[in-house]
There are 2 protein chains.
Amino acid sequence: MSKVATTYLEVHPWLVIEKGYHEERTLVSESIFSLANEYQGVRGFFDEGGNIPTLRGTYFNGVYEYAKEDTPISYKGIIKRTHFMINSVDYLKTMIKINGQILDLKSSTVNNFIRELDLRSGLLTREFDWIINNNLSVKIRFERFLSMNDCTRAFQRITIIPTSSCQCDFKLSLDSNVIHWGKDCYWNGLTNYQNDDVIGIMNETLTTKQRLLSLMKVDINKGTNKKIEFSDMRVDLECAVNLNANEELVITRYVSNIVEKDPSIDIDSIFNKGLKDVLESFILGFEKQLDSNIKYWDNIWNKSDIEIVGDDLNQQGIRYCIFQLEQTYHGYSSTNNIGAKGLTGEAYSGHAFWDTETYCLPYYLFNNLEAAKNLLMYRYNTLPQARLRAKELDCDGACYPIATLNGYEACNLWQHASLQIQPTTAVAYAIYHYVNFTKDVDFLLKYGLEMLLEISKFLLSRGQWNPSHTHFSYYCVMGPDEFQMMVNHNTYTNYMAKRTFDYTLELISKYKDTKECQRALRLTKTDDKMLESYKNASEKMYILYNEKTKLFEQHDGYFDLPHIDIKTIPVTDFPLYSHWSYDRIYRNDIIKQPDVLMFLFLYNQSFSLDIKKANYEFYEPRCIHESSLSPSIHSILASELGKDEEALKFFGFSTRMDLDDYNRNTNEGLHLTSIFAAWVTIVYGFGGLRSDGEILTLNPRLPSIWEKYSFNITYQGAKLKFLIYKEGVEVINQTKIPIKLKIYNKEYEIVDNLNLKGEL
Amino acid sequence: MSKVATTYLEVHPWLVIEKGYHEERTLVSESIFSLANEYQGVRGFFDEGGNIPTLRGTYFNGVYEYAKEDTPISYKGIIKRTHFMINSVDYLKTMIKINGQILDLKSSTVNNFIRELDLRSGLLTREFDWIINNNLSVKIRFERFLSMNDCTRAFQRITIIPTSSCQCDFKLSLDSNVIHWGKDCYWNGLTNYQNDDVIGIMNETLTTKQRLLSLMKVDINKGTNKKIEFSDMRVDLECAVNLNANEELVITRYVSNIVEKDPSIDIDSIFNKGLKDVLESFILGFEKQLDSNIKYWDNIWNKSDIEIVGDDLNQQGIRYCIFQLEQTYHGYSSTNNIGAKGLTGEAYSGHAFWDTETYCLPYYLFNNLEAAKNLLMYRYNTLPQARLRAKELDCDGACYPIATLNGYEACNLWQHASLQIQPTTAVAYAIYHYVNFTKDVDFLLKYGLEMLLEISKFLLSRGQWNPSHTHFSYYCVMGPDEFQMMVNHNTYTNYMAKRTFDYTLELISKYKDTKECQRALRLTKTDDKMLESYKNASEKMYILYNEKTKLFEQHDGYFDLPHIDIKTIPVTDFPLYSHWSYDRIYRNDIIKQPDVLMFLFLYNQSFSLDIKKANYEFYEPRCIHESSLSPSIHSILASELGKDEEALKFFGFSTRMDLDDYNRNTNEGLHLTSIFAAWVTIVYGFGGLRSDGEILTLNPRLPSIWEKYSFNITYQGAKLKFLIYKEGVEVINQTKIPIKLKIYNKEYEIVDNLNLKGEL
């Protein structure tokens, strides 16, 4: 890992600030200054566009299209067409002309450029002085935000103040002629709208027939000439106004974007909904709704803030991370999930991966249980698709996709889609994790059990017995480590499957007399013989473990693979995917991301420290972290093993991966799931929190570079704040609910405040 | 293997006859009645076309194009674009109109339809009576052949005899507006030609810029009105004539097709060549050139015939096979190779595979040494491409493509192109086989050694040492058995590599003092250290062999794979590629084609009978023969093991795979390389011939269904005929050269005739 920061933003505890326009970083800044509210997201592009590199991306959660071409190689089980989140209506499009000159930061002269994202409100501001000539300069301020409470609503405010009188023309557009992946437009025009100063367009996706109504009402603090023009999938509002010296022109645009995925809803209903929404927004006004946002964020920070003293970079970094997590997903709808790049770009197609269950869920477990549950409900709601996928793979039960928006497999690389079983075991793990944590038996019986039974059925049918019937295992799989493509007896896969069988059987045995359990057994056509099969499979699950060395072998034959000392690989060879021949990547013991270490993390409390130590020390030197999710797991285990320096090294850039563009591809969008990993690394890593056992445990450590830090969690209804100082640990229970915790292996009941001095 | 014959052709020792038009088999017949002369091939389509399913395919060896689209997934080592042999000028296009009615076998009423291919001349005749009305019927005969001696030349003769007077219009065209794969035309028009009754068109491939001039001169035995019309890439000659009752109209078309692959040749030279050729052909006439063909074939049958008494089906079948082998390749040029479907269709893209070295070469070794050498020279001439391919795979030396026309890899399935090493070891084996057989030291020193050294270099760089450096092996490979995709220690690969190293080292040690050897070492930058590395690699080559069971394990972990009894797989599941999910094919012990048995066949004399027996009995029940090349190897080994019934079962349909359309896909073209396998099965299988040792050995057996059979080979200049009767074996040396042979493990010197009675 030889990653270098590109620092061009100011450091501030609550703001992300760009001083002076960094043209060469335009696309990176667009990603960093992205806004979202789970329902919709918009990249931080310039309202006025310009002759600069840009990805004017506006995305709506779950609004997607299918590829125009079939996958060329189509054996059974290989998906025919992929689908992806598509670029949607550009509702911030703005043209500003002063005395006939068009504003374009490529050619216009500007001074005092400053762009600011306020993490306490979600307001993005951009301001500069546009020097038209010696006698005329114009102060221009753009502001925008998305409502966190009324998620259909977007706001744009433009303030223009000239130093001397001038003619100002401007045009505000709604435009669905947007291209995706620099190539195709996936929208069809349906109809337009104009009434009482509200104008809008309604468009439809080409094949998935999802409709999007975009309405706007514009408020201008001064009378102007107005002209409205409709063209294909677009409407322009053109205005002209004369401004006096120092006169302030304020243009406020209220936008309402209504997504309608249900084709049975008639157009009028959509219009009525949108019209009501945009008028309500207009009446409430910009400021009041910004205030609502501030309240929203105040609540979030109160509940979820992480404070780091003595490290301003990570302080800003982790707050930026939490801000983006909340923007991307907070449980608004169980039809949404979390794309690898959130709603900030087109790379990874907006797809949700197993990252959701393994990296994102813990954040919501401790901060927003409704969101956590909705993530599980997303998988429940897509059970029918998972059942079909299992059939496509000649299996039974339910197989969850490696990448998806709509529940169907979207990954057209068969080696991943057909060989990686971890999305399915991750769903089982997530149910276990959630239920263990929340004791939400209602969810378990209504939904969880059915999922677990379908998953077990899949796992039984995909697994196989060896010829002498002495062990059950998975053949031809790819584990989490994608540098070993097609192997047998991958220990991660086998272990996760075993635990899934065990958990399912445990629940059945516990709840078999309930009518919900009987219903789940009936729905999934599970009989005693099948349960017996699960038991056999689990008991005889082939786990490659060596008692003497305490090592798990990643898969059959891994220890015999040719060894490469990764320190000898030239830096210019990375990423290996781009520089090594495809097959070469697979034929040695280099691993891309944790595999054995991954299940040691997930089922952390099931393994002794010396097992973790042995495996960490064996696998860590073989891992090149060509997944941005990899360092966090290493950091967490290093913390646990007392390898503080290593833990810090792996924590390294995680909070600032995007702010400092460590991976050189933030231009494509934010690394959303890595942002989750940053939170996990602090709370599970340095905080030493473990949530996979019966009781919550913590083993907090203070990284040497920090003076102190604190984090908050909500657990069993109690709001707990943990403060970790050099001198000790303080736990503040901000509610009246007494909470049992284990800290440094000692059990405490925390009623209001616990102070452990000198324990660190 | 549950294959069923579709018999619709007459059985005859020298003719392939279709009596009555079988419309539902139109495409199959087109393939079966294909003509070729290595330079060009033409499917047996109807000259007059018609509203019937048809693939009007005309192919020229080595005339190819690149795909219009890149391979979508393009990691390093995955080829960017594939290339393929393309459909070319339609020079038989004919329209016949009698009294205004167009001949079209879909709608025209015909009687006495008969189509005949004569294996003694290569003449294809089609004849029928066309019933126009109660008073008029017209006998029509189409004849065509390709010159075996002057391979640019094609001939068409149409004879028309009406029962009463009528008006006859006809049109003969040359047309390059031909589509490939039912989609695209890969030709661009260049220029036309018309002079002295010779007309023609010259066209060029879109990107590879290969030119094809097609000229024709038409001879009509009666004066007619003529009209010549040129349009884009096409010329039509239209004629009109009145015929009296029983008057015979004979139209003879002389075609010359000149392929020019060298872009530096000017257009005039190509025209001059073509003009000279077509005029010479015209002057010689149809009959004389047909006579030349008869002489050509007479020589072939004299040299290579296989006679089977007591089995008319196989008699016809094997002669048809030999006929098609000779048509497809006889060593005319070392830039040609043998496509899996020869020049008879577009499936498999005309690509040459490792089949050339493993299945086709033996035929030429015993029948046409020049052709055998040219096949090797093809690989020598494409060494530069093989060197580039090795580099693309991050290796050294030369890696031969799995599928190619021009020497570059054309297979865009990376799992085959990057993981299958057998094309490269097959080239090394072919050099060994050829040199061992011919003692052609000149070839060896001038070409073979350089190839072997480059191949060894590749094998060293692709192989790897295990971490404890105790063995050398190949990781992440696919052996010949394509149902095990990505495995380690594949015994076939390892054994073939070991033998390649050994043979190379043996030759270097033998010839190191020659200047040719020194030159080869210099050219390939081979030093003593590298030779030492080859020695080490060979000595420590990991060969999974169990002394006790005498079994080779196909690859690491194969014996532990879940077992499937292939007899329990429903017939409707075959072919598995189309009915099983892609990953499922790979995760069990089913094999697609011989892997261990393959090297036991290739290096047959290096293994004891009990090793062959043990492995045959283990692997045979696990093989589903989803490659048409598979049964022959099983038949040969079964013969050797005295399992005569099994040998016969596997020989089964091999001579008639296409005549009886066993695989249900002869419509796409003939299974050319399987046709070679039929020859191999008789000569190596029943004949028990072995050519991989120091001395030629034979162990002939008489299949129970045959009365007797004979085959011919040419060996060390001697023409030998082997006759196998119930009573014994007779060997006739038809030359004066005394030949040493081992028959039934006894050495003989055969001067004229050897008669072994009662030995069978």
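Give me the one-decimal Kirkwood hydrodynamic radius in Å for the range B:463-532, with the sum taken over alpha-carbon pairs.
Numbers: mean 1/r = 0.0711 Å⁻¹.
Value: 14.1 Å, from the Cα pair sum.
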What ³J(HN,Hα) values, in whole Hz, does the Karplus curve 6.51 cos²θ - 1.76 cosθ + 1.60 give for the range A:749-754 when θ = phi - 60°, with x put for Gly and Pro?
10, 9, 9, 10, 9, 10
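Would you compute, from DSSP H runs of 4+ residues alone, the mean residue ellipticity of the protein assembly as shown at 222 nm, taking -39500 (n - 2.57) per run and dividing by the full residue count, rounded to the nearest 500?
Numbers: 38 runs with 436 residues, N = 1520.
When only DSSP H runs of four or more count, the value is -9000 deg cm²/dmol.
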Please report, to two decimal places, log10 I(q)/I(0) for the range B:526-646 at q = 0.12, 0.17, 0.21 Å⁻¹ as given by the Debye formula with identical point scatterers on the Cα atoms and no solvent.
-0.55, -0.95, -1.24
Ranking of B:THR344, A:THR125 by count of other Cβ atoms within 10 Å, fewest first
A:THR125, B:THR344
Which trypsin sites (Lys or Arg not before Pro) in the range B:62-134 pass both tests, a DSSP loop state and at most 14 other beta-carbon atoms within 10 Å?
B:LYS68, B:LYS80, B:LYS106
Ranked A:ASP196, B:ASP236, B:ASP752, criterion: other C-beta atoms within 10 Å, fewest first
A:ASP196, B:ASP752, B:ASP236
What is the order of A:CYS239, A:CYS166, A:CYS399, fewest Cβ neighbours within 10 Å to most?
A:CYS239, A:CYS166, A:CYS399
Lysines near B:LYS97 by alpha-carbon distance under 16 Å, same-chain residues fewer than 8 away left out - which ones?
B:LYS106, B:LYS139, B:LYS171, B:LYS226, B:LYS227
Peptide-level mean, for A:479-488, of C-beta atoms on other protein chains within 10 Å:
3
Starting from the coordinates of the alpha-carbon atoms of the protein assembly as shown, obtain the Kirkwood hydrodynamic radius over all distinct pairs and give the value in Å to one decimal.
37.3
If I take all pairs of Cα atoms in the range A:128-190, what percentage of them are more than 17 Å from each other?
64
How big is D, in µm² s⁻¹, for the range A:256-334 by Stokes-Einstein at 4 °C and 1.567 mPa s if Rh is the Kirkwood radius over C-alpha pairs?
82
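Residue by residue through A:556-563, how many Cβ atoms from other chains fall within 10 Å of the Cβ on average? Working shown, then result.
Details: counts 4, 7, 0, 3, 11, 6, 10, 6.
Mean inter-chain Cβ contacts per residue within 10 Å come to 6.
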Which whole-number percent is the relative contact order of chain A (Cα, under 8 Å, 6+ apart)?
12
Partners for A:LYS550 among lysines (Cα-Cα distance below 16 Å; same-chain residues under 8 apart left out)
A:LYS612, A:LYS613
Dipole axis of the protein assembly as shown (+1 Lys, Arg; -1 Asp, Glu on Cβ), positive-most option in B:ASN368, A:PRO594, A:PHE618
A:PHE618
Just report the Cα centroid separation between the range B:604-661 and the range A:1-52, whole Å.
67
Taking 0.36 nm per residue of separation and subtracting the Cα-Cα distance, what length does fully extending A:LYS550 through A:GLU506 add?
13.1 nm
Could you rank the peptides B:627-638, A:553-564 by their average count of other C-beta atoms within 10 Å per residue, with the highest value first?
B:627-638, A:553-564
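Please compute the average number of Cβ atoms from other chains found within 10 Å of each residue's Cβ in peptide B:583-594.
On the way: counts 18, 9, 5, 5, 10, 4, 1, 0, 0, 0, 0, 0.
Other-chain Cβ atoms within 10 Å of each residue's Cβ, averaged: 4.
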Sorted largest first, the Cα spans of the range A:33-300 on the principal axes come out in Å as 70, 41, 38
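When you count, for each residue, the other Cβ atoms within 10 Å and take the mean per peptide, how do A:183-194, B:477-488, A:53-64, B:714-725 rank with the highest first? If you can, show how the numbers build up before the last one.
Numbers: A:183-194: 16.3, B:477-488: 25.2, A:53-64: 21.6, B:714-725: 18.0.
Ranking, from highest mean packing down: B:477-488, A:53-64, B:714-725, A:183-194.
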Let me check against my output: what whole-number percent is the relative contact order of the range A:228-300, with C-alpha pairs under 8 Å and at least 6 apart?
20
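Considering all projection directions equally, how large on average is the shadow of the alpha-carbon convex hull of chain A, in square nanometres?
Details: hull surface 135.8 nm².
Approximately 34.0 nm², given one-decimal rounding.
Kirkwood Rh over Cα pairs of the range B:410-624 into Stokes-Einstein at 4 °C, 1.567 mPa s: D in µm²/s?
Working: Rh = 18.6 Å.
In µm²/s, the coefficient is 70.
Each reported figure results from applying straightforward, stated rules to the coordinates on display, with no laboratory input. Computed from a prediction, not measured in an experiment: that's the story for all the values here. Methodologically, a virtual Cβ is constructed for each residue, glycine included, from the backbone with ideal geometry; neighbour enumeration extends over all protein chains shown.
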